[in-house]
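Have a look at the structure below, then the notes.
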Amino acid sequence: MSPADLRTVTRNGRLPAGTVGSVSTADRATNGESRVVDLGGPVHYVDFGGLATGPGVVLVHGLGGSHLNWDLFAPLLTEHARVWALDLPGFGRSEPGARKASVSENARALDRFLAEVVGEPAVLVGNSMGGMLSILATGERPEAVTGLVLLDPAIPGPRRALDPLVALMFAIYAVPLVGERFMRRRRTRQSELARVREMLSLVGVDPDSIPSEVIDRSVTLLQEREDVEGMDRAFLAAARSLLRLLVDPRSYRKAMASIRVPVLLVHGDRDRLVPVAAARDIARRHPGWRYLELADVGHVPQLQEPEKLAAEVLAWLDDTADTRAAR
C-alpha cells in the first residue's frame, strides 16, 4: 500500500472490513510502521514494534493530538515492550467520515483496537483526553487492561485554577456555531506551521526545542488532511463531550474508583490545560496509585521530557510486572 493509498482509505472509508493496510518505514515519515485497520471505519495506527516477549503498550493521544505525539517517546520503550500508537477516529490520519468523535465513541474505538489489533491485555498510556479514554475503557472492560499510565489526564479539578486563556478557548469550543466559526477562521488565517507552533506553546512546549523533523511531520499531517471540516467537527464533538464529563464527573469518578490495575499518574507542574491541583486531588483520592509530579513540565511530558518519562515508565513497568502478570 502506497502513501497515497493510505490517505485514500483513511479519507473515504473504503477499506475492506477485517483487513489491515500498511506502509513501510521507508515510505512513511514517522518512526515505526503505519497501518490502517477497519474498526467500524478506517483507523490509522503506528506499530513501533519492540520486544516480542514484553508487555503490550498502547499509546493514546489527547484532544487535537495524533500518533506524532509519541514519536520521541515510543522508541525509548521498544527494548522492553511491544508498542502501538493509534489515531482516534477524527484525529491524525483517521479521518472521521460519518463517525462520531465523542469521548464515549472513541473509548469504544480504543476497546476495539485492544481486542482486534493488540489481541491481548495491554498497558494503556494516555495523555490528556487519552488518559480519560484509558480510564473509561478500563472501567468498561477491565480484563483488557493490565495497567494504566496517565500523563496529565483530563480530570475534574478546581475551576479557580484554570488558566484564563484555556478557559476562554474551551468556552468558545462549547458554543454551537461559535466554535465552528472559530475553528474555520483559525484554519484559514494561519499557516499549518503557525498552528503547530501555537499548539505546542499552549501545551507548554517550546517549539524550538522540538526536533525539526517532528515539526515537519506535524505540518505535513495538517496539509494532507482532506476532510478538514470533518476534522474540525470531530475536534469540537470531542471537546464538548469531554467538557460535559468534567462538569458532571460522577460517572467518570465511578470509572476511576472501579480500577484495580496498577496506575502511574504523571503530571507536569506547569500544565496550563489541566492544573496540577487537579492531579494532586486525584492522587489523594486514590492513594493506591503511584503519583509523579514533574517540575517545570507542561501538558505533554512525552514531548518535553521523553527520556526522563521513559525511564520512569520502564521502572514502573518493572516494579508492577508481577501484579500485572497475575491478572
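The values are calculated or read from the model by the stated rules, or taken from the named source; none is laboratory data. Since this is a predicted model, take the numbers as computed values, not measurements. So basically every Cβ, Gly included, is an ideal-geometry build from the backbone, and we count neighbours across all protein chains shown. Each accessible area value is taken on the protein alone, full model and side chains, heavy atoms only, with ligands, DNA and RNA left out. Shrake-Rupley method; radii C 1.70, N 1.55, O 1.52, S 1.80 Å.
Considering the range 267-327, the qualifying helices (runs of 4 or more DSSP H), each wholly inside and each with 1 or more residues that are open to solvent by less than 30 Å² (accessible area, probe 1.4 Å) and of a type in the set (S, T, N, Q), run over 301-304. Please indicate, with yes or no, whether at least one residue in the range 294-309 is under 19 Å from the mean Cα position of the chain (by Cα), β-branched (Val, Ile, Thr) and under 30 Å from HIS44 (Cα atoms). Within the range 294-309, one or more residues are under 19 Å from the mean Cα position of the chain (by Cα), β-branched (Val, Ile, Thr) and under 30 Å from HIS44 (Cα atoms). Looking for whichever is assigned to a loop (DSSP other than H, G, I, E, B), open to solvent by 30 Å² or more (accessible area, probe 1.4 Å) and among the charged types (D, E, K, R) here; the options are GLU143, GLU226. Which one fits? Result: GLU226 is the single residue among GLU143, GLU226 that is assigned to a loop (DSSP other than H, G, I, E, B), open to solvent by 30 Å² or more (accessible area, probe 1.4 Å) and among the charged types (D, E, K, R). Residues in the range 175-198 that are closer than 25 Å to HIS267 by Cα and either touching a Cys at 6+ places or on another chain (Cβ under 9 Å) or buried (at least 16 other Cβ atoms within 10 Å of the Cβ) (or both): ARG195, VAL196, ARG197.
If you check LEU88, LEU110, LEU63 for being in contact with a Ser or Thr (Cβ under 8 Å, 6 or more places away or on another chain) and open to solvent by 10 Å² or more (accessible area, probe 1.4 Å), only one passes: LEU63.
In summary, ARG14 fulfils each of the numbered conditions (1) within 24 Å of ALA234 (Cα to Cα); (2) open to solvent by 10 Å² or more (accessible area, probe 1.4 Å); (3) at pLDDT 95 or above with the single exception of condition (3). Kindly provide the set of residues from the range 219-272 that are touching a strand residue (DSSP E or B) at 6+ places or on another chain (Cβ under 9 Å) and within 17 Å of PHE170 (Cβ to Cβ), ordered by number. If the condition is that a residue be touching a strand residue (DSSP E or B) at 6+ places or on another chain (Cβ under 9 Å) and within 17 Å of PHE170 (Cβ to Cβ), then ALA234, PHE235, ALA238 are the ones that fit.
Filtered by the rule that a residue be open to solvent by 20 Å² or more (accessible area, probe 1.4 Å) and part of a helix (DSSP H, G or I), the range 203-218 gives ASP208, SER209, SER212, GLU213, ASP216, ARG217, SER218. Counting only residues that are in a loop (DSSP other than H, G, I, E, B) and at pLDDT 95 or above, the range 234-259 holds 1 of them.
Within the range 32-58, being closer than 19 Å to ALA122 by Cβ and either charged (D, E, K, R) or part of a loop (DSSP other than H, G, I, E, B) (or both) holds for GLY32, GLU33, ARG35, LEU39, ASP47, LEU51, ALA52, THR53, GLY54, PRO55.
Just one of the listed residues (GLY147, GLY130) is in contact (Cβ under 8 Å) with a residue 12 or more places away in the chain and under 15 Å from GLY64 (Cα atoms), and it is GLY130.
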